[in-house]
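Undergrad: Structure below; questions to follow.
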């Protein structure tokens, strides 16, 4: 077999008459040592969901088979005429403009200046269906170098036109890209590989490394000898305090590099950005997550920054001060017929919608649009309001029977929901118009729903068939993912996705458990067993490493834990039937002056025998803008969920002065009463001088059920403990002999 081999520094590019080329190279640390076990990926710049990847060996070498990538890239012809973003952008001396055609047609691709004058015509002729590229070397029609500045490129296909914007920076304008390097073999290598090679996004990432991105890697031209920097941090989501929306690598511009960094982060939140970058600037749709949806929106922005369907603010400076935005947790409560929200730690509970509700269940947020959406199964409606609960609107009021779960594709302008009564999954536009039936067969009680917009999939639970399923976003291609462990009344209800981690999470209502698996349903884990009677909704904060769930019936609580199920906390108590739950980064107002709040009440045990001990914990925070003076915290026991100074005081604790937005945790050991019954425990903090709001100085009550357990055969209790016989007679139990009738 004959083969042509082109050798570059750190790159071997092999082309044969039988095989696609293999890209080989190496990755080194800045110290010169090989980078072992790091991820190397090539991304299709026309669709960043498509990529091939590998890991480096002990010598830092890697090999990417481009045949596999070419096959992935060409699984189907494009379905639309699309003019892609040029890369690199800004550029010098040349740039590549990709475009795709669903059918063979005549294409005209032109470059204009900001005055609308045509500078150059890059394509003017028939092109086959598929993905194409054109190159502009920053020259006009006469071959003269043009000045640095902003230029518009436009593709015309029949009556359809699409445009993009590109920026030429000062430098070696007018030099073709293939001639820009100093390697004498680069041009010939490009020529040999022209039929099979292309321009891709090349990325390198790994634990302890600053992620490396080349947004315009030319296979067969650019060298693959890559040097990466070591770093001990990670790109955690944080409150935006400045920068440009979309500019996650902090280089002052929004371009294809940012899209690649966001794509890396959406797959692995531990990726570290260069230039002290802020990954939260990648949340261009404002839903509190940086994921594939943001990648899609950013690519659309790069193709046409003036697209009116894009969220506002991309490419513009972000001006946010501490306290102007905050993470919030929203939930519905069918028992109290309310929609409420709080901070993620359970503090600052607010009533948002308190009238006009009968059975609110599912809830979803469109933070960029300033809206929250919910289903009301008793009123057979889907409604929305502003994020603060004002401006309630009816969206869908006909054709519903028992709407439950709800999810949003904000970038696509669609709202999805499940309906137990009609046994359907449906969707509409965000304003409720254009209702479509998506899945209408083989459903019994479809309940929770979650979307992977970037992957083109929707997932749902069916508590009637005891299945977890998924399909394409249009309802086609239904797959059954999980059926094991869902028998009888152990029904799956809420569902949430960690697309970057490749996991889906769901609640098992009547077992009060949380399970998770891979996105394809493999590797099922039963990893959280709660003390709730029934648990319902679930939401994930992947970047913060937390999951949240509602205790729907019996406990009236909202809890959270780490994503692995460890570190369970009770955040909000005193609720009735909390159901749906959603998270988002939303605008807030800070109270002027000091503002003390007691929140996060939790009891270490929900059930105790008479006289047994448990731990009562709370937190005190100063939500105000000014420092709060020292004061006193008082712990109480109550007969109901409302905690105030009329309840039985247990103990006090000194609270030191708290700065603005500072908080501290407090806890005491409590012994359960000797009489059986339900008891509620909480605390109140005494107000301080100048306090702006004293309505939040007491917690709700954390419930403890005090009861003597029923006697069972073989029961072994500690000395002097008791159990209750079926006829109510108290039995004395010995640690060695078990329970005997007195």
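Read-outs: derived from the displayed coordinates by stated rules, not from any lab. The structure presented is a predicted model; accordingly, all values stated were derived computationally and were not measured. Heads up, the Cβs are rebuilt from the backbone with ideal geometry, glycines too, and the neighbour counts pull from every protein chain shown.
Undergrad: How much FRET efficiency would the formula 1/(1 + (r/R0)^6) give for residue 671 and residue 225, where r is the Cβ-Cβ distance and R0 is 60 Å, rounded to 0.05?
TA: For residue 671 and residue 225, the calculated efficiency is 0.30.
Undergrad: Order of 527, 81 from fewest to most other C-beta atoms within 10 Å?
TA: Working: 527 15, 81 19.
Final ranking by Cβ density, sparse to dense: 527, 81.
Undergrad: Report the extension gain between residue 386 and residue 59 in nm, rounded to one decimal, defined as 0.36 nm multiplied by the number of residues separating them, less their alpha carbon distance.
TA: Length difference between fully extended and current span is 112.1 nm.
Undergrad: Running Debye on the range 325-587 with equal point scatterers at the Cα sites and no solvent, what base-10 log of I(q)/I(0) appears at q = 0.07 Å⁻¹?
TA: Computed log10 I(q)/I(0) values: -0.20.
Undergrad: Expressed as a whole number of Å, what is the distance separating the alpha-carbon centroids of the range 116-165 and the range 650-677?
TA: Cα centres, the range 650-677 to the range 116-165: 69 Å.
Undergrad: Using 0.36 nm per residue of separation minus the Cα-Cα distance, give me the extension gain between residue 566 and residue 625 in nm, one decimal. Show your work: numbers first, answer last.
TA: On the way: separation 59, 0.36 × 59 = 21.24 nm, distance 3.38 nm.
Extending this stretch completely gives an extra 17.9 nm.
Undergrad: What Kirkwood Rh does the range 596-706 have if only Cα atoms enter the pairwise 1/r average? Answer in Å.
TA: Details: mean 1/r = 0.0707 Å⁻¹.
When all Cα pairs of the range 596-706 are included, the Kirkwood radius is 14.1 Å.
Undergrad: Could you check the spin-label model distance between residue 394 and residue 253? Points 7 Å from the Cα along Cα→Cβ, value in nm.
TA: Label at residue 394, label at residue 253, 5.2 nm between them.
Undergrad: Any chance you could list P(r) for the range 82-175, counting all Cα-Cα pairs in 10 angstrom bins from zero, rounded to whole %?
TA: All Cα pairs considered, the percentages come to 17, 53, 26, 4.
Undergrad: Quick check on the exposure proxy: order 280, 471, 705 from fewest to most C-beta atoms within 10 angstrom.
TA: Ranked by crowding around the Cβ, least crowded first: 705, 471, 280.
Undergrad: Using alpha-carbon positions, what is the distance between the centroids of the range 599-615 and the range 680-709, in Å?
TA: About 15 Å separates the Cα centre of the range 599-615 from the one of the range 680-709.
Undergrad: With r as the distance between the Cβ atoms of residue 518 and residue 639 and R0 = 45 Å, compute the FRET efficiency 1/(1 + (r/R0)^6) and round to 0.05.
TA: 0.45
Undergrad: So, one more: Could you line up 549, 327 from fewest to most neighbouring Cβ atoms inside 10 Å?
TA: Ordered by Cβ neighbours within 10 Å, fewest first: 327, 549.
Undergrad: Suppose the chain between residue 646 and residue 270 were pulled fully straight at 0.36 nm per residue; how much longer would it get relative to their current alpha carbon spacing?
TA: Roughly 130.4 nm would be gained on extension.
Undergrad: Follow-up. Given a Förster distance of 30 Å, report the FRET efficiency between residue 576 and residue 431 from their Cβ-Cβ distance, rounded to the nearest 0.05.
TA: 0.45
Undergrad: So if I take the centroid of the Cα atoms in the range 329-384 and the same for the range 433-495, what is the distance between those two points in Å?
TA: Their Cα centres are 22 Å away from one another.
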